[in-house]
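**Q** Let me begin by handing over the structure; questions about it come next.
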Amino acid sequence: MNKLPFPLRLPVVAAPMFLISGPELVLAACKAGIVGAFPTPNARPIEQLEVWMKQITEGLAAARDSQPGHTIGPWCANLVTHSSNTRLAEDLALIAKYKPPLVVTALGSPKPAIEVVHSYGGLVLADVINLSLARKAVAAGADGLACVCSGAGGHTGFLSPFAFVSAVREFYDGLIAVGGGISDGWGVAGAVASGADLVYMGTRFIPVAESMAPKAYQQMVVDSTVDDLLVSAGVTGTLASWLKPSLRANGFDPDQMPAAPDRHYDSQQSFAGKKWLNVWAAGQGLGTIHAVEPVARVVDQLEQQYRAASTRWQALQPAQT
């Protein structure tokens, strides 16, 4: 049974990426028929967050009016529910006002968002990296899980996507999005075949025309491979997957990373002066990305690969006896 209460061209989420995902990327993704998402901490101060939400909702309404019958994906807001985020209540007030169909909570329990999002019929997915957190999120009333796995960019996970989905399916039959090193339509097909409903895809959408990533960052993603990645907690206090050339450019030695600093995720604070501001993250999807392109073209490619994978799968089915 389809667990998705909205039509999609492909079961893909342009994942919410810190300092990268903004309203232009969200709108382009939704107009291409997938889920467009952004982290609310990207918009600072709080007044900027309202500007972004208004831009997204009005842009999608206009797209639906001008393209009747065209699949427009839903938008998604990514909330940080860690106790250090003193702006959470204000973010939730804007969530209630602009009503994103999907809300993903990260770095904390989904509980603070559930009542607000359910009040207008939205869904809450909890960002989880292990079975313990997955069970807690389900018990808290989350509508689904965003299983962040090994290979994910930014704050990353530890488990294989296939192993994580299989383990969660032992006790949960709800909505599962899975992310970690998936950057093409072949991987999307494999994740869905393994039991996922959606695929979180971040790194593939760093080098797109609508991304907020600096041009040098986008080119570094195009030029790099998985050998250029390092997982370390030495930048933000949480394990994350970083580009080694970017670490070196910002005074870090990939061979001798500092101890993890205290974790702090307060969206009230300005970005100014933060040492992680110019340190660039990426996931294991590197090596299959060869150019900076518009989102629409990337989604076209993903659909072609997904359909080819589906055809291949059907051709490999054993003959019935």
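**Q** Does the range 1-26 hold any residues that are buried (at least 23 other Cβ atoms within 10 Å of the Cβ) and of a type in the set (A, V, I, L, M), and which are they?
**A** LEU10, VAL12, VAL13, ALA14, ALA15, MET17, ILE20, LEU25, VAL26
**Q** Something else: Which members of the range 140-177 meet the condition of being assigned to a helix (DSSP H, G or I) and more than 16 Å from LEU198 (Cβ to Cβ)?
**A** ALA140, ALA163, SER166, ALA167
**Q** Take the residues of the range 26-41 that are in a helix (DSSP H, G or I) and at pLDDT 95 or above: which is farthest from THR71 (Cα to Cα)?
**A** Result: THR40.
**Q** OK, next. Does GLY237 satisfy the criteria of being of a type in the set (Gly, Ala, Ser), without any contact (Cβ under 8 Å) to a residue 40 or more places away in the chain, over 20 Å from PHE164 (Cβ atoms) and in contact with a Lys or Arg (Cβ under 7 Å, 6 or more places away or on another chain)?
**A** It is true that GLY237 is of a type in the set (Gly, Ala, Ser), without any contact (Cβ under 8 Å) to a residue 40 or more places away in the chain, over 20 Å from PHE164 (Cβ atoms) and in contact with a Lys or Arg (Cβ under 7 Å, 6 or more places away or on another chain).
**Q** So, one more: Can you name the residue in the range 147-168 that is surrounded by 22 or more Cβ atoms within 10 Å (Cβ to Cβ) and in contact (Cβ under 8 Å) with a residue 60 or more places away in the chain and, of all such residues, is farthest from GLY190 (Cα to Cα)?
**A** Per the criteria, the residue is GLY154.
**Q** Among all residue pairs at least 6 apart or on different chains, which show Cβ distances below 6 Å where the first residue, located in the range 88-111, is on the phi > 0 side of the Ramachandran plot and the second is modelled with pLDDT of 95 or more and outside any helix (DSSP H, G or I)?
**A** Pairs found: LYS99/TYR120.
**Q** For the range 204-221, give me each residue that is more than 22 Å from PHE252 (Cα to Cα) and in a helix (DSSP H, G or I).
**A** Selection gives ARG204, PHE205.
**Q** Can you name every residue in the range 144-190 that is closer than 17 Å to VAL80 by Cα, touching a helix residue (DSSP H, G or I) at 6+ places or on another chain (Cβ under 8 Å) and modelled with pLDDT of 95 or more?
**A** The answer is LEU145, CYS147.
**Q** Now for a different question. Give me the pairs: first residue in the range 7-23 and at pLDDT 95 or above, second residue of a type in the set (D, E, K, R), beta-carbon distance under 7 Å, and six or more apart or on different chains, which are they?
**A** ARG9/GLU303; LEU10/GLU303; PRO11/ASP197
This table checks each residue for (1) in a helix (DSSP H, G or I); (2) surrounded by fewer than 21 Cβ atoms within 10 Å (Cβ to Cβ); (3) within 17 Å of the chain's Cα centre (by Cα).
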residue	(1), (2), (3)
MET53	yes, no, no
ALA62	yes, yes, no
ASP65	yes, yes, no
GLY73	no, no, yes
ALA77	no, no, yes
SER83	no, yes, no
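**Q** When you look at ALA137, is it at pLDDT 95 or above, assigned to a strand (DSSP E or B), crowded, with 20+ Cβ neighbours inside 10 Å and of a type in the set (Gly, Ala, Ser), yes or no?
**A** In short, no.
**Q** Just to be sure, is HIS290 at pLDDT 90 or above and part of a loop (DSSP other than H, G, I, E, B)?
**A** Against the criterion (at pLDDT 90 or above and part of a loop (DSSP other than H, G, I, E, B)), HIS290 qualifies.
**Q** So how many residues does the range 281-321 have that are of a type in the set (Val, Ile, Thr) and touching a Gly at 6+ places or on another chain (Cβ under 8 Å)?
**A** Going through the range 281-321 one residue at a time, the tally reaches 1.
**Q** Among the residues of the range 27-49, write down those that are in contact with a Lys or Arg (Cβ under 7 Å, 6 or more places away or on another chain), buried (at least 21 other Cβ atoms within 10 Å of the Cβ) and farther than 22 Å from PRO5 by Cβ.
**A** Hits for the range 27-49: nothing passes.
The values are calculated or read from the model by the stated rules, or taken from the named source; none is laboratory data. Please read these numbers as outputs of a predicted model, since none were measured by experiment. We place every Cβ from the backbone using ideal geometry, glycine too, and count neighbours over all the protein chains shown.
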